[in-house]
1. Which members of segment A:6-45 meet the condition of being under 16 Å from B:Thr99 (Cα atoms), in contact (Cβ under 8 Å) with a residue 24 or more places away in the chain and facing chain B (nearest Cβ under 10 Å)?
2. Go through the residues of segment A:65-87 one by one and say whether even a single one is within 14 Å of chain B (Cβ to nearest Cβ), farther than 21 Å from B:Asp31 by Cα and surrounded by fewer than 18 Cβ atoms within 10 Å (Cβ to Cβ).
3. State all residues of segment A:48-66 that are of a type in the set (Ser, Thr, Tyr) and more than 10 Å from the chain's Cα centre (by Cα); if no residue qualifies, say none.
4. Any residue that is under 28 Å from A:Leu46 (Cβ atoms) and touching a helix residue (DSSP H, G or I) at 6+ places or on another chain (Cβ under 7 Å) - is there at least one of those in segment B:86-109?
5. Only residues that are among the aliphatic types (A, V, I, L, M) and either within 28 Å of A:Val4 (Cβ to Cβ) or in a loop (DSSP other than H, G, I, E, B) (or both): list them for segment B:1-46, please.
6. Out of A:Arg111, A:Arg69, report the one residue that is more than 17 Å from A:Pro8 (Cα to Cα) and at pLDDT 95 or above.
7. Before we move on, is B:Gly15 at positive phi, out of contact with any His (no Cβ under 7 Å at 6 or more places or on another chain) and of a type in the set (Gly, Ala, Ser)?
8. Any residue at all in segment A:79-90 that is in contact with an Asp or Glu (Cβ under 7 Å, 6 or more places away or on another chain) and hydrophobic (A, V, I, L, M, F, W, C)?
Amino acid sequence: GAGVSQTPSNKVTEKGKYVELRCDPISGHTALYWYRQSLGQGPEFLIYFQGTGAADDSGLPNDRFFAVRPEGSVSTLKIQRTERGDSAVYLCASSRVGLADNEQFFGPGTRLTVL
Amino acid sequence: LAKTTQPISMDSYEGQEVNITCSHNNIATNDYITWYQQFPSQGPRFIIQGYKTKVTNEVASLFIPADRKSSTLSLPRVSLSDTAVYYCLVGGAAGNKLTFGGGTRVLVKP
């Protein structure tokens, strides 16, 4: 079956611009996660959705980052006024239920480069 | 917030058993421990998950001592295709942010 997909696969933008990253989870998965991964490091948790609501957004680094999941399926991560330090691979994952005792299925990621 | 620590890298040979230990001293009571495998330019892939004692599936075993302050992923009889980065993930209990370790780069040699 179809896995988690993310678009675009690569995004190059200029400092100060706005970007949107999209995640299509596995159909029927109620939980959705966003992570950020810098080169040579483990994924860093950003936000977790249970259905349409953000159950935990404690990992968002600042108010330039925002994510939505209006219909409980597709999610969009939005970054305003991008900075060079935002350059990383942004990973999305989904799971049948949420948090503990679950298997997260990851997408291939979106590589964001801020020039 | 559970901080996790793993060795940076490990080398092994085909057919050997590889054991990777992750330290998570501040693990919360309801946290689970999950291990993922990641190849270059791909998202992590689930290997195994446990809460306590030992868990075994078709690809790995996970050993968790009674105090749960560490966990060991065991990969039996590795092959060249097992060369990857392995991450432990701790968390999941309400209010506990999911925390990945820094990853262990495993190189399997012929």
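The values are calculated or read from the model by the stated rules, or taken from the named source; none is laboratory data. For clarity, every value in this text was computed on a predicted model and none was experimentally measured. Backbone-built Cβ (ideal geometry, glycine too); neighbour counts: all protein chains shown.
1. Those that are under 16 Å from B:Thr99 (Cα atoms), in contact (Cβ under 8 Å) with a residue 24 or more places away in the chain and facing chain B (nearest Cβ under 10 Å): A:Tyr33, A:Tyr35, A:Gln37, A:Pro43.
2. Scanning segment A:65-87 turns up no residue that is within 14 Å of chain B (Cβ to nearest Cβ), farther than 21 Å from B:Asp31 by Cα and surrounded by fewer than 18 Cβ atoms within 10 Å (Cβ to Cβ).
3. Listed by number, the residues that qualify are A:Thr52, A:Ser58.
4. Looking through segment B:86-109, at least one residue is under 28 Å from A:Leu46 (Cβ atoms) and touching a helix residue (DSSP H, G or I) at 6+ places or on another chain (Cβ under 7 Å).
5. Result: B:Leu1, B:Ala2, B:Ile8, B:Val18, B:Ile20, B:Ile27, B:Ala28, B:Ile33.
6. One residue alone meets the criteria, A:Arg69.
7. Against the criterion (at positive phi, out of contact with any His (no Cβ under 7 Å at 6 or more places or on another chain) and of a type in the set (Gly, Ala, Ser)), B:Gly15 qualifies.
8. Scanning segment A:79-90, I find at least one residue that is in contact with an Asp or Glu (Cβ under 7 Å, 6 or more places away or on another chain) and hydrophobic (A, V, I, L, M, F, W, C), so the answer is yes.
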